[in-house]
Structures are given as C-alpha cells and as structure tokens.
Amino acid sequence: MANDENKDDLIKEASDRLQELRDYWKPIYDEFTDDLKFAVDGQQWKPGDMTARGEKPTLTINRMGQFINQVINSNRQNTPTIKVLPVDDEADIKTAELIQDLIRNIEKVSKADTAYDTAMEYAVQGGIGFIRIDHDYVDPDSFEQHILIKRVHDPRSCLIDNMSVEPDGRDANDGFIIEEMRLDTFKEQYPKADARNFDDMAMSKTGFAASDKMITVAEYFKRVPEEKEISLLDDGSVLFSDDLAKREGQYTVLKTRMIQKNTVKRYKMTGAEILEETEFPSSYIPIIPVYGKEIWIDGKRKLYSLIRHAKDAQKMHNFWASLETELIMEAPRSPWVVDSDTIADFNADWVNPAKKKVLKYKGTDVMGKPTQRPFREPPTPIPAAVVNARMATVEDMKATMGMYDPSLGNERTGEKSGRAILATQQQGDTATFHFGDNLARSVGHGGVIILDMLPRVFDTPRILRILGEDGTPKRVPVNGQLPTDPNDQSAINSRNQLHDLRVGKYDVAVITGPGYATKRQEGAQALMELSKTIPLIGNAAPDMLVESLDIPNAGAIAKRVKRGLSPQLTADEDTEQTPEVMQLQGALQQMQAQMQAMGAELQQAQQDLQNKNGELALKNKDLQIKEMQVQLEAMKHRDAMMGQSDDRSLQVHKIDTDAQAKIVTEKIKADASIKASDNQTFAQMNTPIKEPAK
C-alpha cells in the first residue's frame, strides 16, 4: 500500500463489507446447511422430537439420496462443453478452434470436471455451489503462468456481491473467498504478519467457534472502474491511446472516445494486515455461483435445492414407518388355543412354548377319536390407515420433486409401451432440467473469464499445449515467431500457423451432451448395426469400423486393413506426407515444368521440319520441271540434227548424257538436304533433360 493510512482504510472497508455480505447470505446458507444435514447426513428428526419419543422407535428411512443421485449422475453423463466462436473481423475460425482446444487442456490440467460436479452436487443438495477461476506460475522457477479452474469444496466460504442479479454472477463487483488456516502454517508462510482475526468474526464460516489455533484469511476481489481513452486507427484497429506509442509503423487516428474499463484488485488479508496485493488478469470477479432454483420474493433472493419442498413428506414417511414398527412391537403375542386334556401329559413343555422346538399333544381322546390340533390366534393386524399413510408419503416425495418411477428406474403399473415409459422419463428430466441448465450458464461464464484472461496471461510468444476433442495433445506456438529446432519438422510446419491470442474478439457457447468417449462408443455401436443393414458400409469402410472400436491396437489394425483396400476407395483422402515425399514431389514438379518447355520446343521443331519439307517438295517440283525442259531441249536437238552425218550423232549422245548427269546431281543434293534436316530434329528430341537443382 502507498501508506499506513490507506492500508488501514482498506482493511476497515474490507472488514465492513465482509460483515455485510455475511449478514446477507446467512439465511441462505442456514437453509443450505439444513438441507445438507437433512438429505445427506440423515438428520431428519428434531432433537426435541427424538427426546419426546423416548424408547419408542425413531426410524430414518432416507429416500432423498435416490432422487439427488439421479439428477447429479445424469448431469455427469452430459458434461457442459465450452465452444469458442469468432466475433469480429480480426478473429478467425482457426484461432477460435485453437482457443477451444486450449480451454479443453486447461480443463484437463485443472480437473475441471471435479469442480463442475462439486458445484452441481451442492446446487442440487443445498441450492448453491461455486466454481472459481485462478492463475498461477507453471513452475516455481518459471515466470510463465497458466490458468486454473478450481473446485470450491465448501460453498459457504464464498461471499459474492449481494447486488448481483445475473444467474452466473457476471455483474458482481466484489466478493470474498474465506480460508481458515492453522496458526502455525500461517506463521510459516507469513512470519512477519500480524496474526489477528477480523472483528466480529467470533464465529468461523463453518459455524464453530474460532479457536486460538486457527486464523481466518480472506481473499478480497474488488472491481475498480477506470476511465481510459481508446483510439480508432485508419486500419480499423482500436487501441488504448496509452499504447499508441508502442505501435510500429505509420498510422492515422480517426477518432477517440472515453470508456470505462474495469480492473479487478486482489487482496489477501487478515483482520489486521494486507498480506498480498495484486491485479487479477480479468475484468470479472473470478467467483462463479451455480444456483439451484432462484426466486426473488419481496426483493429478497431465495435459493431452493431439489429436496427443499420434499422434506415434510420425508419426515412423515419416517413418522409412519416408526409408528408401524411401534405397533408391531407393542402387539401382544398371539396366544395358543388348546384343549387342556390333550396336553395334560406335557404341561411342562407348554409352560413356555416359545422356547420349545417341538410341542407335544394327544392326538386322540379316551374314545380314540381325533382331537383338535393346538393353534395360535391370528395376530392383531396393523391399522390399514398407517400402512396407507406411509405409502402415500412416497408418492408425495415424487410429486414435490417431479420425479416418477420411470425416472428412478422403476416400471410404472399400466405403462408397458416404450413410448409411455419414455414420456414419463422425459417428464422427470424436464422437472429437474433447470439444475443442469444453470450449471451450463455458469460454465459458460467461466469460459468468458478465461477468454478475458488469455491475452493477459499468455502475453508473450510461447508454445502452448492444447488438447483435441479426441484427447490428442499438441504443442502450438502463439503470439509471434519462435526459434525452432531445424530437426523438429512438426515445429517447422507449425511456424506458418501462428495464432495471436492478443488480437480479435471471441464469444463462448456451451454445448451439453455426452463426452467424446461416450459418443465414440455410441458411434461404433451405430456403425456396427448399420453395417449389418447395409453391408456396403462394411465393404467400403472396414478400416473406419475397426478404428471406431475401443480395443487395443485399433489404430494399427485399421491401418493394415486400409492397406488392403482398393486404391479407388482411398484416392480422395489426404495422406500425411513425410519430408522425403515432399522433396520428391518438388523435384517431380520441376521435371514436369522442364518437360513442358521441351514439348513446346518439340512442337516448334516439328513446325520447322514441316516448313523444310515444303521447301524440299518445291525443289523437287522445280527439278522435275527442269528435267522436262532438258528432255524437251534434247528432243529439239535430235530433230534438228535429223538427217545429218554420223559424226553429228556422237554430239547428240553427249548432250543427252550431260543432261541426265545434271538431273542425277540435283536429286542427290535434294536427298542430302532432307536427311540433314531429319538428323537435326532427331538430335533435338533426344537431348537429355537437366536434373533439378538440389
């Protein structure tokens, strides 16, 4: 604290507020305690009534547990699940799924199911329970923190704002968590602290007188409003104006406005000293009530347990059962009716017949005729009114709680059809649905508090453990780039999937239903039944059938079964790629690109070849024309020389020979040109493809 004066003022403020809240919650906690003692501990007779009955039977036939356990255990089979949803443009679905898996891991590490079940039990048995959210260091030698969901083992240790009217306590502005510590333990933890109790705290939260060996320590949570300015930037982001100096890059402030931001102060204190003072990393009071049935009458809060209005019927049940037992005990023993002559010789046996295993009598009289056999008088019957009254109290208990035989596992007379039994079961579930629904509301508010804490607790780049719906753990980086081991392929792959928990707004929805293991078992059973009706399922997906079974090595067996399936059945499934496969695929893509380029070159070469063939064809045509012209000239020469001397015949022969030689030479040149063009094209087509760079 800044000074002793402020410290003293805060201690006085906390002490006065603590006493005010104790006075407000005392009637509710008194009824809470009475319900627990009655239903769970079996204290169903008032001390004065038991004294007045003296030696008479005073029976307690506690039927409350059956109804209570039915509601509690039904809820355990339908545990509330937190679902995270993105709200604004800066939030994304992938990060929402990661946050949901992160909350699932928080619940797992915290054993949150125990916290939820305990709160539900107290709400059903006494009308109110609590869940608390906290944070702590991961290790004693670490600066990293994690979030915890804690069980409240005694609801009377929690005192929340009496002005809170929301069913999950989200509007509470303050609250206390009371802890009683042994004095020696307190001195070990706080050796210099003043070990004095609060004023007016002669009675501890448990109702027993405080002893000199115990001390009351209170955690005081107080919501403090603070005026802060926010700025809207040109990129659409909204920041506190105080944080603008930390922002990198250029930006323009479009508008500003003042808002009220709540800060939660946390004080751990005795009645004389503040032991610790911190700021809780949320704007909500981390004490979450789980109410039973809440009603406001004349401006006062009333909380009811499941059995509150069934207590009178239970008391009457105990009374009539005790009276029935009393009447049976007080009823005279049924006397024997016997002819004295038939037992004259056995009088000693009949003095105390109850102690004899064999009673003798004369079966015939002096005339030899059969005598009447000794017999007992019928016992005095219990009045039918007593029996009927006791049975009626059982029906009264069922009626006041709205739970009838099918809801309790008993078959009702006249209800033989499944639809009739199911309708009555649903009637009982509907009558007690508000208990599970109130728990779901409170669990949802717990999710809101955790969402509010995430960017404050996980405010630096780090790797977090998350838990998938099937219970598979993963480690993912959040809030920025982290150095990774170059040999850790999973970390390398996840670097491109960083999630910033400090950006975006998210909301919470609560889904109530069976857990993943239960849904898996039900799904496996449904698949097996469906495969019997539709055999194609078993033929097309036998690996999935095996994988859905809760048997040892189901995954390994499913993989082996999948290898034997037709590739057409698994062609469209994504398979996990190893680094070697990814490298080979890259090389293959590079080779395919080179082949495409070579294909284009080949097409161009083929076009060029076609052009050259066209030119050669023209040359051949030209040669043919020239050959015909030569032949024509030769014929002209022969005609001209016709009739001349024989020496001129030799000259004509020479001209013919020269013309034919010229034609042959031109053909040889043309063939050589065609062959050279073909060889060049073949060489281009067989040029080896370069290997990709490694």
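Going through region 89-121 one residue at a time, which ones are surrounded by 24 or more Cβ atoms within 10 Å (Cβ to Cβ), touching a residue at least 40 places away in the same chain (Cβ under 8 Å) and farther than 23 Å from ILE463 by Cβ?
TYR116, ALA119, MET120
So, PHE433, is that one within 28 Å of GLY129 (Cα to Cα), modelled with pLDDT of 85 or more and of a type in the set (Phe, Trp, Tyr) or not?
yes
Could you grab me the full set of residues in region 504-543 that are modelled with pLDDT of 70 or more, closer than 30 Å to PRO455 by Cβ and in a loop (DSSP other than H, G, I, E, B)?
Within region 504-543, just LYS505 meets the criteria.
Look at region 326-354 and say how many of its residues are touching a helix residue (DSSP H, G or I) at 6+ places or on another chain (Cβ under 8 Å) and assigned to a helix (DSSP H, G or I).
Counting residues in region 326-354 that are touching a helix residue (DSSP H, G or I) at 6+ places or on another chain (Cβ under 8 Å) and assigned to a helix (DSSP H, G or I) gives 1.
So the check is Cβ under 8 Å with 6+ separation or different chains; which pairs have a first residue in region 300-324 that's closer than 26 Å to ASN388 by Cβ and a second one that's part of a helix (DSSP H, G or I) and of a type in the set (Lys, Arg)?
HIS317/ARG390; TRP320/ARG390; ALA321/ARG390; SER322/ARG53; GLU324/ARG390
Taking the condition loosely packed, with under 11 Cβ neighbours inside 10 Å and of a type in the set (D, E, K, R), does GLU20 pass?
Working: loosely packed, with under 11 Cβ neighbours inside 10 Å: no; of a type in the set (D, E, K, R): yes.
So GLU20 fails the test.
So which residues in region 122-146 are among the aliphatic types (A, V, I, L, M) and surrounded by fewer than 24 Cβ atoms within 10 Å (Cβ to Cβ), if there are any at all?
First, pick out the residues of region 122-146 that are among the aliphatic types (A, V, I, L, M): 123-124, 128, 131, 133, 138.
Across region 122-146, the qualifying residue is only VAL138.
Which residues, taken from region 42-77, are free of Cβ contacts under 8 Å to residues at least 60 places away in the same chain, in a loop (DSSP other than H, G, I, E, B) and farther than 29 Å from ILE128 by Cα?
GLY54, GLU55
The values are calculated or read from the model by the stated rules, or taken from the named source; none is laboratory data. Being a predicted model, the structure only gives us computed values, none of them experimental. Backbone-built Cβ (ideal geometry, glycine too); neighbour counts: all protein chains shown.
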